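Working notes, structure below.
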């Protein structure tokens, strides 16, 4: 999936789950993009000059940064600011779930098993397009009412 789809998926999940604080939504936004930091051409990867190429060359795509252990480590680091842990979890898990349905992910890295749920042979680009169309329809039909900032 591309960064825009991950961003929309993460922020929408957060809003539906009751996250409305701008600071917490910012954490969701960053964490929904964070796993793709192992790619130079990702939204977050373009902002950091060297790290993505080092991660991709060393570990590969959808390995370390897409693993449960990586997410747990970042989550523990966020215990310094505990109000960011739940938003981080929402964004990070939404990214992993979206990648599992559009590809294969090493959730248990460093164990080399990769997990994916193929959707009846439907190409990932169609899944992504359908998800974005469904999100647009949801917004038109009143989903925007979840997006209020208090």
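The values are calculated or read from the model by the stated rules, or taken from the named source; none is laboratory data. Everything quoted here is computed from the prediction, not taken from an experiment. When we count neighbours, we look across all protein chains shown, and the Cβ atoms used for this are built from the backbone with ideal geometry, even at glycine.
Against the list (1) more than 18 Å from residue 10 (Cα to Cα); (2) over 18 Å from the mean Cα position of the chain (by Cα), the condition residue 83 fails is (1). For the stretch 105-150, a tally of residues being out of contact with any helix residue (DSSP H, G or I) (no Cβ under 9 Å at 6 or more places or on another chain) and modelled with pLDDT of 80 or more returns 4. Residue pairs whose Cβ atoms lie under 6 Å apart, separated by 6 or more positions or on different chains, with the first residue in the stretch 100-125 and on the phi > 0 side of the Ramachandran plot and touching a residue at least 24 places away in the same chain (Cβ under 8 Å) and the second assigned to a loop (DSSP other than H, G, I, E, B) and surrounded by 16 or more Cβ atoms within 10 Å (Cβ to Cβ), do not occur. Among the residues of this structure, residue 93 counts as one that is under 17 Å from the mean Cα position of the chain (by Cα), in a helix (DSSP H, G or I) and at pLDDT 85 or above. When 77, 44, 97 are checked against the criterion of being surrounded by fewer than 16 Cβ atoms within 10 Å (Cβ to Cβ) and under 15 Å from residue 3 (Cα atoms), a single residue qualifies: 97. Of all the criteria given as (1) outside any loop (DSSP other than H, G, I, E, B); (2) surrounded by fewer than 14 Cβ atoms within 10 Å (Cβ to Cβ), the one not satisfied by residue 110 is (1). Return only the number of the condition from (1) part of a helix (DSSP H, G or I); (2) at pLDDT below 85; (3) within 22 Å of residue 123 (Cα to Cα); (4) touching a helix residue (DSSP H, G or I) at 6+ places or on another chain (Cβ under 6 Å) that residue 33 does not satisfy. Every condition holds for residue 33 apart from (2). Remark: residue 60 matches the filter, which requires a residue to be modelled with pLDDT under 85, within 18 Å of the chain's Cα centre (by Cα), surrounded by 12 or more Cβ atoms within 10 Å (Cβ to Cβ) and on the phi > 0 side of the Ramachandran plot.
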